[in-house]
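Laboratory data are not the source of any read-out in this text; all were calculated from the coordinates shown. All values derive from a computational prediction rather than experimental measurement. Positions of Cβ are generated from backbone atoms using ideal geometry, with glycine treated the same way; all protein chains shown enter the neighbour counts.
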Amino acid sequence: MPKHAFSHVTTWVFDLDHTLYPPEMRLFDQIEDRMTRYVMREVGVDQAEADRLRATYWRDYGTTLAGLMRVHDIDPDPYLHEVHDIDFSVLDPDPQLADMIADLPGRKIVYTNGSAPYARNVLAARGLSAPFEKIYGIEHAGYFPKPERIAFETVFAKDGLDPTKAAMFEDDHRNLKVPHDMGLKTVLVAPDAKNEPHLQHHTNDLGAFLSQLL
């Protein structure tokens, strides 16, 4: 992977969950459990139906929250607070990754479908707070989730980044289609590669990939 492919990049955009920490740390298991219990309580269904609804909403709307808002008129803020009230001690600090992100030339930002306070807690637990200039959560996108184009347009406009001089790292391949179309370099951070034209690069080890750019 040639370093010069990223030589024009001045803004580095990172997703959060399963991108800035590996899935093996199992943090998201806690969130999924809380989401299921929230759906059971607020929608009035059993666990099996709550899990089905969550899967359907993730597929059709991008996130469970987006489906709850559109179908059930759920207030997003209490939901975000409740599902992110979890134990962050399962995350291990990664000072080497922090140094590599800091050494990337240009600005570094986080953009997540979670909330910004949640993102700050994850970064603190991972020891990754220092390199990032800005943190954008779903609230900064007007609660529109990735992969919707309006979500990216809203956040990128708030940030003022130039999409043609930016790169994005994401674990969900769906969330790289719009950034690619807008002109960002795209990197899928996931166990398996996918043969899709909007996925320009792939890695299953973010640190190893970044080491090639430095």
Worksheet, complete the sentence: In nm, the gap between the two label points placed 7 Å beyond Cα toward Cβ at A157 and V71 is 2.9
Practice prompt. Could you tell me the convex hull volume per residue, in Å³, taken over the Cα atoms of segment 27-83?
Written response: 72
Discussion item. Applying a 10 Å radius around every beta-carbon, put 126-132, 76-82, 41-47 in order of their mean neighbour count, most first.
Written reply: 126-132, 76-82, 41-47
Item to complete: Starting from the Cα-Cα distance between D29 and K3, subtract it from 0.36 nm times their residue separation and give me the gain in nm to one decimal.
Response: 5.8 nm
Practice prompt. Step through the table entries K165/K194; K3/K146; K134/K185, compare each Cα-Cα distance with 22 Å, and write down the pairs that go over it.
Written response: K165/K194; K3/K146
Worksheet item: Once you charge only the Cβ atoms, +1 for Lys and Arg and -1 for Asp and Glu, what is the size of the charge dipole of the chain about its Cα centre, to the nearest 20 debye?
Response: 660
Worksheet item: Direction-averaged shadow area of the convex hull around the Cα atoms of segment 64-104, nm²?
Response: 4.7
Fill in: Paramagnetic reach from Q200 in segment 104-139 [backbone N under 19 Å; point 7 Å along Cα→Cβ]
104-111
Response to the item:
Expected vector for segment 97-111, Karplus 3J(HN,Hα) from phi with 6.51, -1.76, 1.60 and θ = phi - 60°, integer Hz, x for Gly and Pro, equals 5, 4, 5, 5, 5, 4, 7, 5, x, x, 7, 10, 9, 10, 9
Practice prompt. Give me Rg over Rh for the chain, both radii from the alpha carbons and Rh done the Kirkwood way, two decimal places.
Written response: 0.96
Worksheet item: Can you give the extra length, in nm with one decimal, that the chain gains between S211 and R149 once fully stretched, where that is 0.36 nm per residue apart less the Cα-Cα distance?
Response: 19.3 nm
Worksheet item: To the nearest 0.05, what FRET efficiency results for R120 and E49 with a Förster distance of 30 Å applied to their C-beta separation?
Response: 0.35
Discussion item. Can you give me the angle between helix 116-126 and the longest principal axis of the chain, using Cα atoms only, in degrees from 0 to 90, rounded to the nearest 10?
Written reply: 60
Practice prompt. Considering Cα pairs under 8 angstrom that are at least six residues apart, work out the relative contact order of the chain and quote it in whole percent.
Written response: 24
Worksheet, complete the sentence: Gyration tensor on Cα atoms of segment 96-136, a ≥ b ≥ c root eigenvalues, a/c under 1.5 rounded, else prolate if a/b beats b/c, else oblate, says oblate
